[in-house]
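Read through the structure below, which is laid out as structure tokens, and then see the notes.
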Amino acid sequence: MFRRPKAFAVFCASLIGTAMYLASALPVAGQQKTFTAEQIVESTIFVYGSRPVLDQIRRNGVERGRITRFLTDGKIEEATYERRFVRGENSEKDKVRLDQKMPTIEYSLVYGEGRMFGIINGAAFTPKQDAVTTFLSQHRHSIDTLLRYKENGSTLTLVGKDKQKGLDLYVVDVVDKEKRSTRYYISAKSLHVLWLEYEEASAPGAPPVKYTRKFFDYRPAQSTLVPYRTVLLEDGKQTQETRVLTVTFGIKLDDALFQNPEAAAAS
């Protein structure tokens, strides 16, 4: 389970700390307990692996899978992808590279230090605005946005409890420093994030679109929890499905992967 004694020690420490935290939140017999947004989210973080384990194991990694896009003209677009990342002290300081391969084209989108560019055939290019919006939305409205709320300086609000299709849910809003809001629907039974929602304009001046991202097929991955299937809906209509094939954390990644090739050549 753990290859290094240090990782095991961190995991044990997180278990003890979180057990004490959860014990303080348990209701006294005969007394109705009302949980706060922080108690719910901290318990969710523990279920996903605990903060120390997530910080250590998910510091960097590689995810590979398939993306299916359902286009407005009824056509279906298939692509394979490879996503490589290095975590910063907060989400805005992360480095992310997304390589996508389709039957007719292969290109990369790279984000780092608040800037974004594309690479095709070894040359840099400026991505279209819709591609930038999609990339940044996936990064800023994700499960990690909830799990890393403290690092990002985000605020939590407990909207309340809900029941949908027989599922008891906690509903929590996370608002980041830029006032971007994401609503999470968390299973009261498993503390898994079942889906999230946010609104965003597809282009400047356009009316906001309601996005829903649903998570399925949770599996353990190196002592953390990962959904291997994700479905994206726009105003209730499915537009994308992502299936993870493999995910590996703790892989050392070369900084050159995240550098603009033109800037690298100039230096």
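Note the listed values (i) 20.7, 82; (ii) 19.6, 70; (iii) 19.1, 59, then indicate which one is Rg and Dmax of the Cα atoms in Å calculated from this particular structure. Evaluating Rg and Dmax of the Cα atoms in Å on these atoms matches (ii). About the centre of its Cα atoms, segment 124-267 shows a dipole size close to 540 debye [charges on the beta carbon of Lys, Arg (+1) and Asp, Glu (-1) only; nearest 20 debye]. With R₀ set to 45 Å, the beta-carbon distance separating PHE70 from THR36 gives a calculated FRET efficiency near 0.70. The alpha carbon centroids of segment 197-248 and segment 45-82 are separated by 9 Å.
If a spin label sat at a point 7 angstrom from the Cα of ASP162 along the line to its beta carbon, the backbone N atoms of segment 212-228 nearer than 17 Å would be those of 212-216. Qualifying trypsin sites (Lys or Arg not before Pro) in segment 123-175, where qualification requires a DSSP coil assignment and no more than 16 other C-beta atoms within 10 Å, comprise LYS128, LYS150, LYS165. In sequence order, segment 229-238 has phi-based couplings of 9, 10, 10, 10, 10, 10, 6, x, 10, 5 Hz under the Karplus curve 6.51 cos²θ - 1.76 cosθ + 1.60, θ = phi - 60°, and Gly or Pro positions carry x.
A Gaussian network model of the chain, with springs between Cα atoms under 10 Å, assigns the largest mean-square fluctuation among GLU199, GLU178, GLU92 to GLU178. For segment 37-93, the list of trypsin sites (Lys or Arg not before Pro) that fall in a loop by DSSP and count at most 10 other C-beta atoms within 10 angstrom reads LYS75.
Please give the contour-minus-distance gain from TYR107 to GLU77: 0.36 nm per residue of separation, less the Cα-Cα distance, rounded to one decimal in nm.
Answer, rounded to one decimal: 9.3 nm.
Nearest 10 degrees is fine. How inclined is helix 37-47 to the longest principal axis of the chain, computing both from alpha carbons? Around 70 degrees separate the two axes. Stretching ALA203 away from GLN129 to a fully extended chain increases their span by 25.9 nm, per 0.36 nm per residue minus the current alpha-carbon distance.
We did not get these values from a lab; they are worked out from the coordinates using the rules stated. For clarity, every value in this text was computed on a predicted model and none was experimentally measured. Note that we place each Cβ from the backbone using ideal geometry, even for glycine, and neighbour counts take in every protein chain shown.
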